[in-house]
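Structure record follows, encoded as structure tokens.
Only the coordinates and a few stated rules stand behind these numbers; no lab work does. No experiment lies behind these values; they were computed from the predicted model shown. No Cβ is skipped: glycine too gets one built from the backbone with ideal geometry, and neighbour counts run over all protein chains shown.
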Amino acid sequence: MHILISDYLPGIRGKYQMNLASHTESIASILSSQQNRPGALLPILHDIQEALGFIPPDSIQQIASALNLSRAEVHGVITFYHHFRTTPPARHTIEICCAEACQSMGAERLVEHAKQRLAGSKHGECEVKPVYCLGLCATSPALMVGEELHARVTPEKFDRLIEQMGIKT
């Protein structure tokens, strides 16, 4: 059985198909290796997100049953921590630092520029996420695309970066 990411994220069609059976198998494997560990919920959620890129909402019951928890308890933990996502990640995640040093150098303006510039891109292509401290305070404002850090980012430098990435806006 196949499901579309559009089942989780409306607007995305057909490009990303995921096999529900392989999700269930991956989750079952993670659960069997971790469920008897004290405080297993957080490590399990981290492992599922690492394996799949997100925590499918339909896996909550499977996790709850394995740990003898309620769906509400599992859902509460997932929604409490901002790190966890219940929708597939965008193809490109752009994290813009909004901590004090970057904020003082125009990070808020950069976030707004990025959101406006990417508003016309295909749904699911890019996600702009404000984050707090990428460790480049001396060269702010900073952003990260995937695992790649960029310093002293201006709106113009941002525009060049997304052009180099081949993102159409």
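For the chain, with only Lys/Arg (+1) and Asp/Glu (-1) charged at the beta-carbon, what is the dipole magnitude about the Cα centre, in debye rounded to 20?
Working: 15 positive and 17 negative charges, 67 e Å.
That gives a dipole near 320 debye.
I'd like the antiparallel share, as a percent to the nearest 5, of DSSP beta bridges with both residues in the chain.
Values: 9 of 15 bridges.
Around 60 percent of the beta bridges assigned by DSSP in the chain are antiparallel ones.
The residues packed around Gln164, meaning those with a beta-carbon under 12 Å from its beta-carbon, carry a net charge of -1 if Lys and Arg are +1 and Asp and Glu are -1.
Using helices alone, what [θ] at 222 nm do you get for the chain, with -39,500 (n - 2.57) per DSSP H run of 4 or more residues, divided over all residues and rounded to the nearest 500?
Details: 7 runs with 72 residues, N = 169.
Per the formula, -12500 deg cm²/dmol.
Ranking Ser29, Met144, Thr79 by how far each Cα lies toward the positive end of the dipole of the chain (charges on Cβ) leaves Met144 at the top.
Given the alternatives [x] 17.8; [y] 17.2; [z] 18.7, Kirkwood radius over Cα pairs in Å as computed for this entry is given by [x]. If you build a Gaussian network model of the chain, linking Cα atoms that sit under 10 Å apart, which residue out of Leu134, Leu69, Leu110 swings the most? Looking only at Leu134, Leu69, Leu110, the biggest GNM fluctuation is shown by Leu69. Neighbour counts of C-beta atoms inside 10 Å place His83, His92 in the sequence His83, His92, starting with the fewest. Mean-square fluctuations from a GNM of the chain, with a 10 angstrom spring cutoff on Cα atoms, peak among Glu25, Glu147, Glu100 at Glu147.
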